[in-house]
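Below is one structure, written out as structure tokens; comments come after it.
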Amino acid sequence: MHELAVTEYVFNLVKKQADAAGVSHVDKIHLLLGDQCDYVPEIIEEYLQVMSEGTSLEGVKVDATVKESMVKCLDCGSEFTRHEFKDVCPKCGSENLKLNRCTDFIVKNIEVS
Ligand SMILES: [Zn+2]
């Protein structure tokens, strides 16, 4: 499970920030995920539950926002989301398209108490 490595990354990052800010408990972590990044937020949350036992992150929740990949038409230059992608450009009908795979993985912010 490749979520384990990314969860360790998130945990260490958030814990460092929380410790530096002197917060007593981290309630929620907001993540921004590209739709091609291939991580399952629920699995990240499960790993975090285990990892965070006895720390200021104990019982932390994960809230994930998915960012869609964009497709660019190489003929007319229009951009649209992958969601609308039907193998042809919706503007000019060209099949000359480039998918910009969105693999972002960003810790957007954290909620503390
Ligand atoms: Zn086009």
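What follows draws every value from the coordinates through simple rules; no lab data is involved. The shown structure was predicted, so the numbers you read here are calculated from the model rather than taken from an experiment. Cβ sites come from the backbone with ideal geometry, for glycine too, and all protein chains shown count toward neighbours.
To test your reading of the geometry: what angle, between 0 and 90 degrees and rounded to tens, separates the Cα axis of helix 41-51 from the longest principal axis of the chain?
Computed tilt is about 20 degrees.
Name the residue farthest towards the positive end of the dipole of the chain from the options 36, 14, 54, assuming +1 on Cβ of Lys and Arg, -1 on Cβ of Asp and Glu, about the Cα centre.
My answer, from the dipole projection, is 36.
Check the chain for me: any Cys whose beta-carbon has no other cysteine beta-carbon within less than 4.7 Å?
37, 102
Expressed as cubic angstrom per residue, what is the convex hull volume of the alpha carbon set of the chain?
On the way: hull volume 12.1 nm³, N = 113.
Value for the chain: 107 Å³ per residue.
Once the Cβ-Cβ distance between residue 70 and residue 12 is put in as r, and R0 is 30 Å, what FRET efficiency do you end up with, to the nearest 0.05? Please report the intermediate quantities before stating the final value.
On the way: r = 31 Å, r/R0 = 1.02.
The computed FRET efficiency comes out at 0.45.
Say R0 is 25 Å: what FRET efficiency, to the nearest 0.05, do residue 86 and residue 40 get from their beta-carbon distance? All intermediate terms of the calculation are to be shown ahead of the outcome.
Values: r = 26 Å, r/R0 = 1.06.
The calculated FRET efficiency here is 0.40.
Out of all DSSP beta bridges in the chain, what portion is antiparallel? Express it as a percent rounded to 5.
On the way: 14 of 21 bridges.
Given both bridge residues lie in the chain, the antiparallel proportion sits at roughly 65 percent.
Among the listed pairs 28/67; 15/108; 28/98; 86/108, which are separated by more than 25 Å between their Cα atoms? Intermediate values should be presented prior to the final figure.
Values: 28/67 19 Å; 15/108 14 Å; 28/98 36 Å; 86/108 31 Å.
In this structure, 28/98; 86/108 exceed 25 Å between Cα atoms.
Which cross-chain or sequence-distant (5 or more) residues have an amide H under 5 Å from the amide H of residue 94, H modelled 1.01 Å from N in plane?
89
Checking the cross-link filter: which aspartates and glutamates have an alpha carbon closer than 14 Å to that of residue 91, excluding same-chain neighbours under 8 positions apart?
By straight Cα distance, residue 91 reaches 75, 79.
Once phi is turned into ³J(HN,Hα) by the Karplus curve 6.51 cos²θ - 1.76 cosθ + 1.60 with θ = phi - 60°, what whole-Hz value does each residue of segment 56-65 show in order, with x for glycine and proline?
Using θ = phi - 60°, the values come out as 6, 9, 3, x, 4, 9, 10, 10, 10, 10 Hz.
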